Amino acid sequence: MIEKILTRIYLSRWVTLSASCFIQLSAGLSYTYGVIAPTLKERFNFRETEIAAIGSAFNLGGYIALPAGFACDSLVNYKRYGPKVVIWTGCLLLFLGYFGIYSCVIGVIPPTFWRVFLFALVAGNFSTWLDT
């Protein structure tokens, strides 16, 4: 019985470590905008000012941290589920933002400047949910 409990604790620590490493690796994705900016400019025929505005949207999304802070503070009494809700919200925003940009690149969603700007804003906001 005790071996089973110790094995479960041991495995859950490895799962927690692996998930934490993955989260921190994905938290730096907004810094890679310089890598994807030439592709966006070429694929969408955006002007340089529009590309700069999309890059600023990634940064602006990172500055909008109040919703993440309020959610974390309101869920502080729910120790078992509170942090998980905040982390999963951040993961959902990560997926929506970058998948939206990817969908625009491959042509599933018509790429307008404001649509890509909104996806960049959402993608930039996910890091506040993961770092809270």
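When a/c is below 1.5 the answer is rounded, else prolate if a/b is larger than b/c, else oblate, so apply that to the stretch 44-132 with a ≥ b ≥ c taken from the square roots of the Cα gyration tensor eigenvalues.
prolate
Which percent of the accessible heavy-atom area of the chain goes to carbon and sulfur, probe 1.4 angstrom?
69
Hey, can you find the accessible area per residue of the chain for me, probe 1.4 Å, expressed in square angstrom?
69
Tell me what the chain gives for mean residue ellipticity at 222 nm when only DSSP H runs of n ≥ 4 count, each as -39,500 (n - 2.57), the sum divided by the residue total, rounded to 500 deg cm²/dmol.
Estimated from H runs of four or more residues: -27000 deg cm²/dmol.
Please work out the FRET efficiency for the pair Tyr81 and Thr16, using the Cβ-Cβ distance as r and a Förster radius of 22 Å; give the result to the nearest 0.05.
0.90
Can you sort Lys84, Lys79 by 1.4 Å-probe accessible area, starting with the largest?
Largest accessible area first, the list is Lys79, Lys84.
Name the helices (complete DSSP H segments) of the chain with a Cα length along the long axis of 20 Å or more and a Kyte-Doolittle mean of at least -0.5, or state none.
2-26, 48-63, 82-106, 113-131
The values are calculated or read from the model by the stated rules, or taken from the named source; none is laboratory data. All figures in this text were calculated on a predicted structure; none of them were measured in a lab. A quick note on method: Cβ atoms are made from the backbone with ideal geometry, for glycine too, and the neighbour counts reach across all protein chains shown. Just so you know, the surface numbers come from the protein's heavy atoms only, side chains and all, with ligands and any DNA or RNA stripped out. Shrake-Rupley method; radii C 1.70, N 1.55, O 1.52, S 1.80 Å.
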